[in-house]
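What follows is a single structure, written as structure tokens, with notes after it.
The values are calculated or read from the model by the stated rules, or taken from the named source; none is laboratory data. Every value quoted in this text rests on a predicted model; they were computed, and no experiment measured them. Don't worry about glycine lacking a Cβ; one is built from the backbone with ideal geometry, like all the others, and counts go over all protein chains shown. To get the accessible areas, we keep the full protein, side chains included, count just its heavy atoms, and leave off ligands, DNA and RNA. Shrake-Rupley method; radii C 1.70, N 1.55, O 1.52, S 1.80 Å.
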Amino acid sequence: MRHPVRLLVALLLVVVHLSAQTGYRQPDPALAAIVDAPLLPELRRSPAQDRFLLLERAPTLTLAELAAPELRLAGLRFNPERYTSNRALTYARLTLKSMPAGVETPVRGFPDDARLAHVSWSADGRQIAVVVFSQNQPGALWTIDVATATARALTGPELNGVLGSPVSWIGHDALLVKLIPADRGAAPLRNVTTLSPVVQQSKGEKAAVRTFQDLLKDPQDEAAFDYYATSELVRVSLDGQRTPLGLRGVLVANASPDGRYFTAGVFHRPYSYLVPANRFPLRYSIHDATGKLVREIADLPLAENLSPAFDSTRPGPRNFDWRADAPATLAWIEARDHGDATQPAEVRDQLMLLAAPFAGDPAGGPKFGYRVAGIAWGNEACALVSENWIKTRRTRTWRFSPADPSTAPALVFDRSSEDRYGDPGAPVTKTGPFGEPVLHFGADGSIFLRGQGASAEGDRPFLDRYDFASGKATRLWQSTAPHFEEFATFLDDAATQALTRRESPTEPPNYFVRDLTNGAMKEFTHFPNPFPQFAGVKKEIITYARADGVQLTGTLYLPPDWTPAQGPLPTLLWAYPREFKSADAAGQVRDSPYRFVRVSAMGPLPFLLKGYAVLDDPAMPIIGEGKQEPNDTYIAQLVASAKAAVDELVRRGVTDRDRVAVGGHSYGAFMTANLLAHSNLFRAGIARSGAYNRTLTPFGFQAEERSFWEAPEIYGAMSPFNHANKIKDALLLIHGQADDNSGTFPVQSERFYQALTGLGATARYVQLPYEAHGYRARESLLHMLWEESNWLDTYVKKPATKDAPVPAAK
């Protein structure tokens, strides 16, 4: 029989030990300062082209904000008191900046505690719509009078943002607004006395679905979804007058460019317990500005049985949107292969058009052999359509005439989507007559292309003029060393003045006005460096080769004031594997040596201040050329890439081979666990929000299209959970308890940690309350940095010897 006093003492010691490891911790002040550093403002141009709007991000969320009430229904997460996500992007301040003088005028009138969201210009540039959140209540619609830089409220706190933005412009003098119905009654409460068995039955048809999160589970969830997602659509003029439009339901709406019509998409039953809301039945219709029904367009059925192949899509019509260059012409894409990419077909998609007054049959536009990815509208003579096919990594761009859509389109570009060096760039747009982006044409009908200018020397952004007749591009401007400079927009119709965004390793991004005729430039913004403590960091893009000859690259950062005379450093590799069908594309450089040293608490660069060298984004290509699938040799290629990186750092005298750690987030965490299981290159690993058992994602993951039953040996070999007995180095697991990413359920880390501890491995499992796949709360970020810093200092920083083995983490 155990002695009761000794047992009590033992229990007290356990409690003391556990309490010492609980609570949020603070990292070194230098690391904490990174979390609190302000983000650089956003810049949005007025459709009137006479000024810009500067948007300053709100401070990092607090844990209390993240812990506010949250419902998880139909793949959505929202606060039932505020009718929006607790993680929604918000701004703290707005400032108008004139052109060309650059005079800044802060916007006045918002409440002191306001969080600003869904900011949008009116088509004439005279007003700005803003959704204002204040205290713990729904958003309210406000508008800013640009001439006076003054904001005022148009509605009370009654907007429904469960399905996204609750407001959009209809013309330049009114907005479509989704309101919470005033007569909806009390919210339905879960009633345990009315619970009943939940029954699902298949129909003998294949319904392979990926691992979606937060799905409906029972009829009570369905009732709650209807209650919170249902909106009443009204038209609100700039004087605050409301016009009910007669539409109520789980809906989305989008006005035509001329403001005379709008489309309404209404999700309806039967709902599903297998797929999220965007696959629920959807009834699509066109209405005039008073809400009168003009035409029913489609009633799409529930989409539970889609092919899991990456190029598959919903059967029938999809992607309804208005032509940006026309007053009121609805365009959409229609799948001609039933949306099934596994079936052979010469035609996959077709563009359809229907112009006001929306009578007669839609006009059948160009047909495409791949999936349509996007449309850039220009004028009646020219629009560009891009199409992709993931399986072959091909992408094509076509030119067609919207005035005669039945005419066969002309091929403009046909290339590998993996080939960054051969990327001709994306078309430049300007604000069209209806306030929407349209192609910016030259006087001769040419277009302009902007691109990253990837090359073996790194990215060098460019601006080209492209002539359709000759099929040739003329270089108008390109970034030059020692700066990284990107084209942002033209400032005049003649395309002689441009706004560019310029930076260097020590200069934060700022905007400049550049004269393209003579090269003269003038600073337009002067944002301060948010990370002055990193000014002395040394940055270099390094290239090296894998054992099989594949060329690899990575961005090497060295701590301030470090010199080779001080000896090699402890080193952190932070990576994310990518799949390729071409070894040549896999070896292409993916960065610029002249970019600003951007620091994020979620990345590896904070540890430069702790004396570590950092190799950020070292290439970890997984290549499958021809008929071979990349993952057929995933482990061998992954280990070979990691070994090549470590060997190169050691050769340079930067890294101590015995003091190297590896880390990553999501698929990078999966990589980290596999490297610790299948190599002895690293002393420790940091794996955040990963998936470690691929049988829990049986219908594909990342770029793997095959199901578990088609390739069980691949799923088994790639799952670090199956090889947990091989992990001998220290592994830190971090996971948000509310992870919302497909496949990375928190149970992935939980079960993996249980396996590691059961097998005697050195591991630590940190769960961050209320955090999703990416971490947002200040307390979480600070604690995460403390955990990572402590782990690296304990297991990597100090050289291990036979007489002084690596100590246990505290």
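Quick grid of which residues meet (1) open to solvent by less than 10 Å² (accessible area, probe 1.4 Å); (2) at pLDDT 95 or above; (3) over 23 Å from Ala255 (Cα atoms):
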site: Val131; (1), (2), (3): yes, yes, no
site: Ser134; (1), (2), (3): no, no, yes
site: Trp142; (1), (2), (3): no, yes, no
site: Thr148; (1), (2), (3): no, yes, yes
site: Leu154; (1), (2), (3): no, yes, no
site: Gly161; (1), (2), (3): no, yes, no
site: Ser165; (1), (2), (3): no, yes, no
site: Ser168; (1), (2), (3): no, yes, no
Filtering segment 420-433 down to residues that are farther than 19 Å from Trp398 by Cβ and open to solvent by less than 50 Å² (accessible area, probe 1.4 Å), which residue is nearest to the chain's Cα centre (by Cα)? Thr431
Give me the pairs, please: first residue somewhere in segment 299-321 and over 12 Å from Leu282 (Cα atoms), second residue anywhere and small (Gly, Ala, Ser) and open to solvent by 30 Å² or more (accessible area, probe 1.4 Å), beta-carbon distance under 6 Å, and either six or more positions apart or on two chains. Glu304/Ala207; Asn305/Ala207
Could you tell me which of the residues Ala224, Ala253 is open to solvent by 20 Å² or more (accessible area, probe 1.4 Å), closer than 21 Å to Pro181 by Cβ, among the small types (Gly, Ala, Ser) and in contact (Cβ under 8 Å) with a residue 60 or more places away in the chain? Ala253
When restricted to Asp444, Asp515, the only residue more than 29 Å from the chain's Cα centre (by Cα), over 30 Å from Trp169 (Cα atoms) and surrounded by 13 or more Cβ atoms within 10 Å (Cβ to Cβ) is Asp515
What number of residues within segment 262-271 satisfy the criterion of being over 14 Å from Phe320 (Cα atoms) and either out of contact with any helix residue (DSSP H, G or I) (no Cβ under 9 Å at 6 or more places or on another chain) or surrounded by fewer than 21 Cβ atoms within 10 Å (Cβ to Cβ) (or both)? 3
Residue match in segment 615-624 (condition: modelled with pLDDT of 95 or more and assigned to a helix (DSSP H, G or I)): no
Scan of segment 322-336 for residues that are open to solvent by less than 20 Å² (accessible area, probe 1.4 Å) and assigned to a strand (DSSP E or B), ordered by number: Trp322, Thr329, Leu330, Ala331, Trp332, Ile333, Ala335
All but one of (1) part of a loop (DSSP other than H, G, I, E, B); (2) farther than 20 Å from Glu788 by Cβ; (3) polar (S, T, N, Q) hold for Thr633, so report the exception by its number. (1)
Within segment 456-481, which residues are among the basic types (Lys, Arg) and either within 15 Å of Arg595 (Cα to Cα) or surrounded by fewer than 12 Cβ atoms within 10 Å (Cβ to Cβ) (or both)? Arg460, Lys472, Arg475
Among the candidates Ala456, Ala473, single out the residue that is in a loop (DSSP other than H, G, I, E, B) and of a type outside the set (S, T, N, Q). Ala456
Surrounded by 22 or more Cβ atoms within 10 Å (Cβ to Cβ) and within 30 Å of Phe701 (Cβ to Cβ): does that describe Thr571? yes
The listed residue being of a type outside the set (S, T, N, Q), surrounded by 15 or more Cβ atoms within 10 Å (Cβ to Cβ) and at negative phi, out of Ala101, Ala74, Ala88: Ala88
Kindly indicate the residue of segment 285-321 that is closer than 20 Å to Arg235 by Cβ and among the aliphatic types (A, V, I, L, M) and also surrounded by the fewest Cβ atoms within 10 Å (Cβ to Cβ) among those meeting that condition. Leu293
